[in-house]
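The values are calculated or read from the model by the stated rules, or taken from the named source; none is laboratory data. Fair warning: this is a prediction, and the values are worked out from it, not measured in the lab. Note that we place each Cβ from the backbone using ideal geometry, even for glycine, and neighbour counts take in every protein chain shown. Calculation scope for accessible area: heavy atoms of the full protein, side chains included, ligands and nucleic acids excluded. Shrake-Rupley method; radii C 1.70, N 1.55, O 1.52, S 1.80 Å.
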Amino acid sequence: MKRTTVLIAEDHTIVREGFRKMLELEDDFEVVGEAEEGRQAVVLAQKLRPDVVLMDIAMPRLNGLEATRQVLKALPATKILILSAHSDDAYVKNAADSGAVGFLLKQTSAHDVCRAIREVQKGNTFFSPSISKRMDRLDRLNPQTPQRPGKGGKKIAQLTSREMEVLQLIAEGKANKETAAELGIGIKTVEKHREHLMEKLDIHDTAGLTRYAISAGIIENSVQLTIV
């Protein structure tokens, strides 16, 4: 029997190890690698070519949404399941727009995580049960114009990959010089990307960009994590 190969991308070690141990109990799965931040996830995916990636939505250096785009650009056949502690409509919508075929809450049972991997490997989509119920309820209420999570809310604008990277680093508190060093580009280039971000988003200060990044699921902060 050919086993489904899985890459786990999650910045919290205890969560990542939990997923690995859970999947190793299943005969049809093989965990081929682990990544603790987004850039590493992209590199490992290109190297290992997994069937499925479990991708945390908020990771340092490169968030799961942009990592998803970059992985799928190189490996369009790979299936990506987004992991998040949050089920906000905007998070689910932005994950789908990034190319993910499923969305799992970190509170999801082991049974449903395994079922999700099997379903997406077969070509289906999968959402955590609580999200699916919300989707079904909205469909029943609006049968002629079915809605899905993400209608309304903070949708990510049409940002380039580089702009997404710069936005994340700005939101993480990096100065222009640090951002330039992280991305291997010039400071003036960073400043240009910052200008373009502010124009596209109609946001004209760093605090506003940070709030936008948090509301769109690009980064999480300690306040959000304690609320959940």
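Key figures for this structure:
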| read-out | value |
| --- | --- |
| Alpha carbon centroid spacing (whole Å) that separates region 40-103 from region 162-200 | 22 |
| Gain in span if fully extended, Ala181 to Ser132, counting 0.36 nm per residue against the direct Cα distance | 13.4 nm |
| Rg to Rh, two decimals, where the chain supplies the alpha carbon set and Rh follows Kirkwood | 0.98 |
| Nearest 10 degrees, 0 to 90: helix 161-171 Cα axis against the chain principal axis | 80 |
| Spacing of the two label points (7 Å from each Cα toward its C-beta) at Lys192 and His204, in nm | 2.3 |
| Accessible surface, per residue, of the chain when the full set of protein chains is kept, probe 1.4 Å, Å² | 49 |
| Cross-link pairs Lys93/Lys200; Lys47/Lys106; Lys2/Lys93; Lys133/Lys200 - those with Cα-Cα distance over 28 Å | Lys2/Lys93; Lys133/Lys200 |
| Heavy-atom SASA rank of Glu195, Glu66, Glu34 (probe 1.4 Å, accessible area, largest first) | Glu195, Glu34, Glu66 |
| Over region 1-130, volume per residue of the alpha carbon convex hull, in Å³ | 91 |
| Using alpha-carbon coordinates, inclination of helix 89-98 to the longest axis of the chain, degrees | 90 |
